[in-house]
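Only the coordinates and a few stated rules stand behind these numbers; no lab work does. Note that the structure is predicted; figures quoted are calculated from it, not measured. Every residue, glycine as well, gets a Cβ built from its backbone with ideal geometry; the counts of neighbours run over all protein chains shown.
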Amino acid sequence: MSPARRVPVDSRVYAPAPGEASDVEIMPAGDVTDGVVRVGGTIRRPHQPQSLAVAEYLDWLEDAGFEGSPRFLGRDAQGRDVLTFVPGRCAGAQPEEWTQSEDLLASVARLVRRLHTASAGFVPRAHSFPPRPVRPNPSDAAALICHLDVTPQNVVVRGGLAAGLVDFDLAGPATALHDSLNTAMHWVPLRDPSDAWPGWEDQDPFRRLRIFADAYGWTENERRRVPVAGIDAAALSYERMRHNAAVLGGGWARMWEDGVGGLINRRRAWLEANAEPLVAALTR
Ligand SMILES: Nc1ncnc2c1ncn2[C@@H]1O[C@H](COP(=O)(O)OP(=O)(O)OP(=O)(O)O)[C@@H](O)[C@H]1O
Ligand SMILES: [Mg+2]
């Protein structure tokens, strides 16, 4: 829709068309947001502090021609955010074997690259993203608005390839390297072998990271920075998780009790121990 014809995000109201499907399907639960449902061709999510900043970002992405994000349609009679349903399938909490496809991995990297290209120039105006707790990203100065949570559960797959991104709850200013490395961390994945998902024990993280790097298009300089950037991101992520568990509770506290802090520390140690072979795999 042309920007001029759009209702501002804070007064956009969703009214279903007469006869529109109204069957309700409960979506697979994530870690934090309860109550995500599908109603016909829409997704309903609880309204959150970041919802309107995200809505502005989704408008921008639509105008920039990015095809892989939901549209913010407004709020429904219950005050929930209404987004377009992006057809396809997402991974479950323990990513299934079909998500190991190298073609899928490369397509995730390309999709995130297109997201970053489309995001360039977006500056939140009427609604700002809530500041992230603990400390800002080290390179926040670059301030490219990014997704920052491109997990297997938040990528919509069609025909075996990444077609869409959902769940922009953590979107905010970062850098393209931070967001793409975060995506690789989830999708390669970069974690200690003892934390492999069932059925993923034989996957080669060096080979998969190289596929991701080539498909995203990391420069030589970015490839050399991967271990240090990954170690720093793990340290930041540990502090944020601990902070959110203590201050926000809910799903954050559940994740903390389930041992996410240990998982992040083991990832950090694995990155430290494998810094050299990682750079070698990325640059040879
Ligand atoms: N716009 C959408 N189109 C298609 N499917 C969606 C859409 N939004 C959400 N889903 C599906 O619903 C699931 C849960 O929704 P979502 O990721 O938004 O919340 P969540 O993961 O519960 O939140 P959080 O990650 O904050 O805990 C997703 O993994 C995806 O399968
Ligand atoms: Mg999610």
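With a Förster radius of 30 Å applied to the beta-carbon distance between residue 78 and residue 134, the computed FRET efficiency rounds to 0.35. Applying a DSSP loop filter and a limit of 15 other Cβ atoms within 10 Å to the GluC sites (Glu not before Pro) in the range 1-99 leaves 20, 67, 96. As a calculated quantity, the FRET efficiency between residue 201 and residue 269 at R0 = 22 Å, using C-beta atoms, amounts to about 0.75.
Taking each residue as 0.36 nm, the span from residue 110 to residue 96 lengthens on full extension beyond its C-alpha to C-alpha distance by 2.9 nm. Available extension along the chain between residue 47 and residue 194 is 49.2 nm, counting 0.36 nm per residue and deducting the alpha carbon span. Ordering of 263-272, 192-201 by packing is 263-272, 192-201, highest average first (other Cβ atoms within 10 Å, averaged per residue). Helices meeting the span-like rule in the chain (full DSSP H runs, Cα extent of at least 15 Å along the helix axis, mean Kyte-Doolittle score of -1.0 or higher): 51-63, 102-119, 176-187, 205-216, 220-247, 260-273.
Let me know the shape class of the chain, please: from the alpha-carbon gyration tensor, a ≥ b ≥ c as square roots of the eigenvalues, rounded when a/c is under 1.5, otherwise prolate if a/b is greater than b/c, or oblate. In terms of gyration-tensor shape, prolate.
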